Amino acid sequence: MRIFASVSLAVLFLFLLASPSHAQSVELFGGYSFVRAPVTFTQTILCPGPVCPTTTNTPNLNLNGWEAGGAFKVLGPLALAADFSRTSGSFQGANTRIQTYLAGPQLRFPGRISPFAHFLVGAAHESISTGAGSLTFGPTQNGFATALGGGIDLKVLPLLSIRPIQIDYLLTHFNSSTQNQLRVSAGIIVRF
């Protein structure tokens, strides 16, 4: 995951330096992120005997966290974007974290109210820590991820915008199955 993030940032930086000066337009985003994610847990009830009952369930958890990203304009409304997020939540004392590392094309239509859309692909990392009382756990794993979505930016100052809403369909692939999730974000954008 760290290698993918490093390569994505290096590619972003190289394209920034290689593009003509009239096309250089960079934006940096940071803000809050909410994900409604199905997470698979294995739960073992503590018992005095040698064999304790085990159950597996997949509840939908509300995960809260942060999202950061950047984009640089390539040509007209087309930009290359990179997006990183980390969200976490808990279920019966077990903490869950999902991190995403995504990159791809973004279309932006500039103005005082600026809508955008993107299609990002990359990787995700899920980790689940052990809960108390009963033994609730899940595997730590890496998998494919993609996000398809968009949002609206509102210009406040020449270099500062507010992103009141960004909605993504976030697809991850863990446990040999696909998880379909809704991700909603909001935050601040600096452009230069």
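The values are calculated or read from the model by the stated rules, or taken from the named source; none is laboratory data. All figures in this text were calculated on a predicted structure; none of them were measured in a lab. Every residue, glycine as well, gets a Cβ built from its backbone with ideal geometry; the counts of neighbours run over all protein chains shown. Accessible surface is based on the protein model in full, side chains and every heavy atom, while ligands, DNA and RNA are left aside. Shrake-Rupley method; radii C 1.70, N 1.55, O 1.52, S 1.80 Å.
The C-beta contact set for segment 89-110 (first residue closer than 18 Å to Thr58 by Cα, second residue open to solvent by 50 Å² or more (accessible area, probe 1.4 Å) and of a type in the set (D, E, K, R), distance under 8 angstrom, 6+ apart or interchain) comprises Arg97/Arg86; Ile98/Arg86.
Of all the listed residues (Ser25, Ser88, Ser33), the sole one being open to solvent by less than 20 Å² (accessible area, probe 1.4 Å), touching a strand residue (DSSP E or B) at 6+ places or on another chain (Cβ under 9 Å) and either modelled with pLDDT of 90 or more or not acidic (Asp, Glu) (or both) is Ser33.
Exactly one residue out of Val184, Val156, Val190 is in contact with a Leu (Cβ under 6 Å, 6 or more places away or on another chain) and in a strand (DSSP E or B): that is Val190. Condition check: of a type outside the set (Gly, Ala, Ser), open to solvent by 30 Å² or more (accessible area, probe 1.4 Å), under 30 Å from Thr55 (Cα atoms) and free of Cβ contacts under 8 Å to residues at least 24 places away in the same chain. Does Thr130 satisfy that? Spelling it out, it is not the case that Thr130 is of a type outside the set (Gly, Ala, Ser), open to solvent by 30 Å² or more (accessible area, probe 1.4 Å), under 30 Å from Thr55 (Cα atoms) and free of Cβ contacts under 8 Å to residues at least 24 places away in the same chain.
Any idea which residue in segment 167-179 is surrounded by the most Cβ atoms within 10 Å (Cβ to Cβ), counting only those that are part of a strand (DSSP E or B) and free of Cβ contacts under 8 Å to residues at least 60 places away in the same chain? Full working, then the answer.
Just the residues of segment 167-179 that are part of a strand (DSSP E or B), to begin with: 167-174, 177-179.
When the remaining residues are screened for being free of Cβ contacts under 8 Å to residues at least 60 places away in the same chain, the result is 167-169, 171, 173, 177-178.
On the way: Ile167: 13, Asp168: 25, Tyr169: 12, Leu171: 17, His173: 16, Ser177: 11, Thr178: 12.
Filtering first and then ranking leaves Asp168.
Which condition does Phe174 not pass, out of (1) modelled with pLDDT of 95 or more; (2) of a type in the set (Phe, Trp, Tyr); (3) closer than 16 Å to Val35 by Cα, if it passes all the others? Just one mismatch for Phe174, condition (1). Taking segment 93-124 as the range and being over 23 Å from Thr140 (Cα atoms), open to solvent by 20 Å² or more (accessible area, probe 1.4 Å) and of a type in the set (Gly, Ala, Ser) as the test, the residues that pass are Gly111, Ala117. Taking the criterion of being touching a Pro at 6+ places or on another chain (Cβ under 7 Å) and closer than 27 Å to Leu157 by Cα, the only residue of segment 172-190 that qualifies is Ala186.
For segment 3-18, the condition holds for at least one residue, the condition being that it is within 23 Å of Pro110 (Cα to Cα), surrounded by 14 or more Cβ atoms within 10 Å (Cβ to Cβ) and either at pLDDT 70 or above or not aliphatic (A, V, I, L, M) (or both).
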